[in-house]
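The values are calculated or read from the model by the stated rules, or taken from the named source; none is laboratory data. Since the structure is predicted, the reported quantities are computational estimates derived from the model, not experimental observations. Note that we place each Cβ from the backbone using ideal geometry, even for glycine, and neighbour counts take in every protein chain shown.
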Amino acid sequence: MVGHNLTILLVLVHAVFGSAYRWFNWQYEVTCESDAYIAPVDEDDAAKFLQEQFAVGSHIKVVGNGHGFGNLTQCVDQTLTNKPTYIVSLTNLKDLNIHKDNMTVTFGAGWDVDDLAQELKANNLSFNNLGVERVQNFIGAASTGTHGSGSNIGNIASQIIGLRVLDSQGNLRVISEETNAEEMKAFRISLGALGLITEITIKVQPTYRLKKTTKVLNATSDYSQMYTQIAELYKEHDRMTVWGPHFDWNDETQDWDLEATYFYSYWEPTDYMGASNCTLNYCANGCGDCVCSRQFYAEIEHFIPIEYYAEAATNYTLFQQSQTPRMKAPYNQQMVIQHRTLKGDDTYMSPVNTYNLKPELSGIFAIIEIDWLQEYDNFATLWQNQELAFEFLPRFGEIYNARPHWNKMNAPNATYIQKIFPKLPEFLAIQQRQDPKCQFVNDFLVSQLGITHCAHYLS
């Protein structure tokens, strides 16, 4: 009851004094203002809060650490509605239970990836796959399909085998592979649309060492030749990331200069037991205790059946170069293209779902990422490059069955989303059950997913 009273007190303080809570994503270009920031002390406290807010239909947005490039986690701004609107953080839910007998770990929604990784490491356990960033909240990262690189491993959500979730009325549902396997396919990547996930259980594995090898490649403006070479390398190595080619901004010519070389890294199991290390600014594939660099940048990340990779990467690069004459904002610095792979899966809203693949395709996806890096954290340049990033999916989506990483410059087109996510109707049926008053949605979810029964959620 103490936690419940604290929550109510926080809400009342904001209501009485007319204050508000402003939320930002990690690079401050996405923001919203809510009536209050709510941090329940436990699952019961969260359920009571939801029960109270259901009566008035309050807008509720659960946030992690704000590491996103789009407005998926943006709350409904208080200037847009007459209903209460809240930011909810589950940071206090920090229970942790390690089960070495069946190699699973059950933990609360408050755990961030880095903190959880350290706990697992202390118990000689590890994840099967990690994303690049460790600053993310684990459930937040899983709920958007975050991943590393590996043709035979899935994204981090594929490790989830059970969870506890509260619907908008505060009712608890326990979902697992054993009791309701089909619904688990919806909840693994829920986009925050299906309720407050308070706890999850994931598969883990014994910690083992990987040897990282990095090699240099020569770049060429014959992009088809360059990407055909990379495609062959992916046949040789399972866990591999290609960092490049790199283009440097030339202020005098107002054009991109192609760097002469770029590099790729691959990881292999090893029995080496000496000192370990890793690349300083790259944390994927569980490479160790890394410190990742931070700066403003725009980014797209598209998942494409690997059989289309060489042609798609060539055309993506040519298209990016064709945008150059419009890059007039100051402080462009570098444009980097990165390439990875990922195993397809059977999860409703996963960017690597295999539901609509042609039978001759392998079910492995290539990942093409383009990063527009800036010399300074300048909003004019950031917004210019984000506008350029939005153009790729309309240009290449239909051609290559491209799927965007959630919250990374998605084009708001529900018709296309239905095509690349054939299980969307099943997902929306669960969404309507979990959130009948559309309290968990925002403009991104309504427009992206085409949630017709939420069309008037602001009224």
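So, in segment 103-153, of the ones that are among the acidic types (Asp, Glu) and not in a loop (DSSP other than H, G, I, E, B), which residue ends up farthest from the chain's Cα centre (by Cα)?
In the first step, residues of segment 103-153 are kept if they are among the acidic types (Asp, Glu); the result is 112, 114-115, 119, 133.
Pick out the ones that are also not in a loop (DSSP other than H, G, I, E, B) and you get 112, 114-115, 119.
Values: Asp112: 14, Asp114: 16, Asp115: 18, Glu119: 22 Å.
Only one residue tops the list, namely Glu119.
Any idea how many residues of segment 413-436 are out of contact with any Cys (no Cβ under 9 Å at 6 or more places or on another chain) and touching a residue at least 40 places away in the same chain (Cβ under 8 Å)? Please lay out each step first, then the result.
Within segment 413-436, the subset out of contact with any Cys (no Cβ under 9 Å at 6 or more places or on another chain) is 413-430, 433-434, 436.
Filter once more, so that each one left must be touching a residue at least 40 places away in the same chain (Cβ under 8 Å): 419-424, 426-427, 430, 433-434, 436.
Adding up the residues that qualify gives 12.
Can you report the number of residues in segment 75-121 which are touching a Gly at 6+ places or on another chain (Cβ under 6 Å) and closer than 18 Å to Leu50 by Cα?
Residues of segment 75-121 touching a Gly at 6+ places or on another chain (Cβ under 6 Å): 83, 90-95.
Filter once more, keeping what is closer than 18 Å to Leu50 by Cα: 83, 90-93.
Count: 5.
Is segment 422-434 home to any residue that is in a loop (DSSP other than H, G, I, E, B) and either over 21 Å from the mean Cα position of the chain (by Cα) or under 21 Å from Gly70 (Cα atoms) (or both)? It would help to see each step written out before you state the result.
Within segment 422-434, the subset in a loop (DSSP other than H, G, I, E, B) is 422-423.
Right, trim to either over 21 Å from the mean Cα position of the chain (by Cα) or under 21 Å from Gly70 (Cα atoms) (or both) and you get none.
No, segment 422-434 has no match at all.
Looking only at segment 149-177, count every residue that is touching a His at 6+ places or on another chain (Cβ under 9 Å) and closer than 18 Å to Gly110 by Cα and tell me the total.
The number of residues fulfilling the criteria is 2.
Look through segment 398-422, keep the residues that are closer than 18 Å to Leu342 by Cβ and of a type in the set (D, E, K, R), and return whichever of them is modelled with the lowest pLDDT.
Once the filter is applied, the top-ranked residue is Lys408.
So which residues in segment 183-235 are among the charged types (D, E, K, R) and free of Cβ contacts under 8 Å to residues at least 12 places away in the same chain?
Step one: of segment 183-235, the residues among the charged types (D, E, K, R) are 183, 185, 188, 199, 203, 209, 211-212, 215, 222, 232, 235.
Matches in segment 183-235: Asp222, Glu232, Lys235.
Which members of segment 371-393 meet the condition of being in contact with a helix residue (DSSP H, G or I) (Cβ under 8 Å, 6 or more places away or on another chain) and closer than 18 Å to Gly145 by Cβ?
Phe392, Leu393
Restricting to strands (runs of 3 or more DSSP E) lying wholly in segment 215-300: which have 1 or more residues that are among the polar types (S, T, N, Q) and modelled with pLDDT of 90 or more? First the steps, then the outcome.
Working: elements: 239-250, 255-258, 261-269.
In segment 215-300, 239-250, 261-269 are the strands (runs of 3 or more DSSP E) which contain 1 or more residues that are among the polar types (S, T, N, Q) and modelled with pLDDT of 90 or more.
From Lys48, Lys83, which residue is more than 22 Å from the chain's Cα centre (by Cα), part of a loop (DSSP other than H, G, I, E, B) and not assigned by TED's automatic domain parsing to the domain that holds Phe390?
Working: Lys48 fails: part of a loop (DSSP other than H, G, I, E, B).
Of the residues listed, the single one that is more than 22 Å from the chain's Cα centre (by Cα), part of a loop (DSSP other than H, G, I, E, B) and not assigned by TED's automatic domain parsing to the domain that holds Phe390 is Lys83.
Name the residue, out of Ser362, Ser447, that is assigned by TED's automatic domain parsing to the domain that holds Met240, out of contact with any strand residue (DSSP E or B) (no Cβ under 7 Å at 6 or more places or on another chain) and among the small types (Gly, Ala, Ser). Walk me through how you get there before you give the answer.
Details: Ser447 fails: assigned by TED's automatic domain parsing to the domain that holds Met240.
None of the others qualify; the one that does is Ser362.
Among the residues of segment 361-382, what is the count of those that are part of a strand (DSSP E or B) and either of a type outside the set (A, V, I, L, M, F, W, C) or over 23 Å from Leu318 (Cα atoms) (or both)? Can you show your working first?
First, the residues of segment 361-382 that are part of a strand (DSSP E or B): 364-374.
Okay, now just the ones that are also either of a type outside the set (A, V, I, L, M, F, W, C) or over 23 Å from Leu318 (Cα atoms) (or both), so 364, 369, 371, 374.
Here the count works out to 4.
For segment 115-152, give me each residue that is surrounded by fewer than 20 Cβ atoms within 10 Å (Cβ to Cβ), closer than 16 Å to Arg340 by Cβ and in contact with a helix residue (DSSP H, G or I) (Cβ under 9 Å, 6 or more places away or on another chain).
Asn128, Glu133
So Lys61 passes all but one of these: (1) within 17 Å of Leu194 (Cβ to Cβ); (2) part of a loop (DSSP other than H, G, I, E, B); (3) in contact with a Cys (Cβ under 8 Å, 6 or more places away or on another chain). Which condition number does it fail?
Unmet condition: (2).
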